[in-house]
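The structure under discussion appears below in the form of structure tokens.
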Amino acid sequence: MELVVLGSGDTVGVPKIGCSCPTCTIAKEKGIPDARTRFSIMLRDIEAGFNMLIDTSPDMRLQLIREGVERVSAVLYTHHHWDHVLGFNDFYRVQAVITVFGLKETVDYVLDRVGFGNLVKAKRKYIQPFESVKYKSVEFTAFPVYHPHLNDGLNIQPVGYMFRLEGAKLVVTGDTGISIPEESLNLIHEPDVLIADAFISYPKHFLDHHMTVEEAVRLAEQLEARKTILVHLTHANPPHAELQKRVDPTADKIIVGYDTLKLKI
Ligand SMILES: [Zn+2]
Ligand SMILES: [Zn+2]
Ligand SMILES: [Zn+2]
């Protein structure tokens, strides 16, 4: 199985519209790894013709074209925020049916409120937190995280996912602050690969709904992750190479995620 970072950016992407900060300027000049589309991860087994998306970014169309993906087997949703779901409509006239996993409130929100008149038929697969689910060769479990909402009046629980892939343990935190519930922390301990929300890299003073880079690194240490990939990065971080040098110059344990990053699992 191969893991592909389709989108490593935050809600607005990098470069941000109208911004000329050093990170956005480099992103405009050089593209990847400094340019970041909105968050999405893909798990794929090319030989088996299988691939699964974690979230459908507003940039999904370009991400799938970039990676040569013709058909998506299934989607897993972490939560209902628009930077994680809006790409769903890009399945229109691309594939007739798509299998969608997530908590009931999240799946119903995406398909009933975001879906374009139900033109894309979805097989709704409701799952519960801590329930182990098997789909083809992948086994996964959703776990609650801490990601308070933007006064949207909805009370929908965001989740991360723990995967078992041919003996390897992969954890995707999704959007979360550092206050991940204890029961979730127990489930995701000692992952082979941790994909962690790492929004911004200066000391926290206003942020509790995402982790800072420093908090994500601390979480990786606490969980004893063998390898960690930082994602959901904003333009307020230093340019890619500088951030990588700061967190782990060898990129052996902590990798600053970037669009197109691939890892065999
Ligand atoms: Zn997000
Ligand atoms: Zn900027
Ligand atoms: Zn969010």
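The values are calculated or read from the model by the stated rules, or taken from the named source; none is laboratory data. Small disclaimer: the values here were computed from a predicted structure and weren't measured. No Cβ is skipped: glycine too gets one built from the backbone with ideal geometry, and neighbour counts run over all protein chains shown.
Brief remarks on what is shown
- Only one of the numbered conditions (1) modelled with pLDDT of 95 or more; (2) over 29 Å from residue 182 (Cβ atoms) is violated by residue 92, and that is (1).
- Taking the criterion of being away from ligand 1 (no atom under 16 Å from the Cβ) and surrounded by 21 or more Cβ atoms within 10 Å (Cβ to Cβ), the only residue of segment 228-238 that qualifies is 228.
- Comparison of 225, 196, 216 shows that the only residue that is at pLDDT 95 or above, within 16 Å of ligand 1 (Cβ to nearest atom), aliphatic (A, V, I, L, M) and not in a helix (DSSP H, G or I) is 196.
- Residues located in segment 106-161, provided they are in a helix (DSSP H, G or I), among the charged types (D, E, K, R) and within 16 Å of ligand 3 (Cβ to nearest atom): 113
- Spans of strands (runs of 3 or more DSSP E) in segment 19-77 with at least 3 residues touching a residue at least 60 places away in the same chain (Cβ under 8 Å) and buried (at least 17 other Cβ atoms within 10 Å of the Cβ): 40-45, 50-54
- Those residues of segment 94-106 which are touching a residue at least 24 places away in the same chain (Cβ under 8 Å) and either more than 23 Å from residue 148 (Cβ to Cβ) or surrounded by fewer than 22 Cβ atoms within 10 Å (Cβ to Cβ) (or both), in sequence order: 95, 96, 97, 98, 99, 100, 101, 105
Here is a yes/no grid of residues against (1) among the hydrophobic types (A, V, I, L, M, F, W, C); (2) in contact with a strand residue (DSSP E or B) (Cβ under 6 Å, 6 or more places away or on another chain):
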| residue | (1), (2) |
| --- | --- |
| 188 | yes, yes |
| 191 | no, yes |
| 194 | yes, yes |
| 218 | no, no |
| 222 | no, no |
| 230 | yes, yes |
| 235 | no, yes |
| 245 | no, no |
| 255 | yes, yes |
